[in-house]
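Have a look at the structure below before the remarks.
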């Protein structure tokens with residue numbers, strides 16, 4: 001099987017130990033780093049710890065169901081999710097896809113088909129990130145090269161500052177909550193440290209705004225979070 005998942009971190013949440021072991025070996029042979037959880041609760045804990053590139057999620061889990069795990073993930077992250085299930089009804093597939101899943105695969109399936117699905121989802125996610133570069137007459141943000149330019153002159157940011165800016169740019173025009181920002185920029189264990197967001201947002205404003213006291217790019221949504229406002 002000519003598969004390439006090299007450098008990707010994948011979280012498998014599946015209560016069937018035999019199937020999860022098959023997926024673990026298959027994904028590792030394709031080059032991925034893999035963690036496995038056998039319940040929804042453990043899966044969410046690992047999700048917060050590892051910030052995976054992709055989640056493979058079974059619907060029928062003990063305790064917290066796959067549907068609920070998907071809801072929790074979508075509250076804080078756009079991480080791609082591939083759902084696995086024995087449920088073949090159209091309404092179940094619609095529920096998964098409209099609930100935020102990126103792909104929906106019914107059991108049984110071959111390892112080749114599953115890996116092909118993962119590769120396709122990861123390609124789409126990569127294109128989405130590339131498509132979210134930002135440029136106007138004043139500001140240019142290159143997400144792929146992690147570079148920022150102000151009026152054509154490169155502006156240096158710290159790694160955390162660029163991660164914050166990149167997250168906001170990828171969700172331009174949308175309100176990003178403190179939980180979403182902390183989880184995606186710092187990691188889920190920092191989700192109660194709202195001051196981190198305020199400090200780095202202030203630093204970003206000093207570097208990119210015409211007037212940091214009256215920002216037009218990094219806009220505060222009081223009590224909720226921040227929003228990147230395109231100026232074009």
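Data for the structure
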{"read-out": "Helix axis angle, 111-131 relative to the chain longest principal axis, alpha carbon, degrees", "value": "10"}
{"read-out": "Kirkwood-based shape ratio for the range 1-41, expressed as Rg/Rh from alpha carbons", "value": "1.00"}
{"read-out": "Centre separation in Å (Cα based) which lies between the range 105-174 and the range 182-211", "value": "18"}
{"read-out": "Normalised per residue, the volume of the convex hull around the Cα set of the range 1-106 (Å³)", "value": "95"}
{"read-out": "Cubic angstrom per residue, convex hull over Cα atoms of the chain", "value": "131"}
{"read-out": "Radius ratio Rg over Rh of the range 132-228, counting only Cα atoms, Kirkwood formula for Rh", "value": "0.94"}
{"read-out": "Ranked list, fewest to most other Cβ atoms within 10 Å of each Cβ, for 109, 228, 149", "value": "109, 149, 228"}
{"read-out": "Using alpha-carbon coordinates, inclination of helix 66-76 to the longest axis of the chain, degrees", "value": "10"}
{"read-out": "Peptides 35-42, 163-170 ordered by average Cβ neighbours within 10 Å, highest first", "value": "163-170, 35-42"}
{"read-out": "Beta bridges by DSSP in the chain, antiparallel share as percent, to the nearest 5", "value": "45"}
{"read-out": "Share of pairwise Cα separations in the range 105-157, more than 16 Å, in percent", "value": "57"}
{"read-out": "Principal-axis tilt of helix 194-208 within the chain, Cα atoms, nearest 10 degrees", "value": "50"}
{"read-out": "Virtual spin-label span in nm between residue 132 and residue 219, 7 Å along Cα→Cβ", "value": "1.8"}
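Rule-based calculations on the coordinates, nothing more; no lab input. Because the structure is predicted, anything quoted here is derived from the model rather than measured. So basically every Cβ, Gly included, is an ideal-geometry build from the backbone, and we count neighbours across all protein chains shown.
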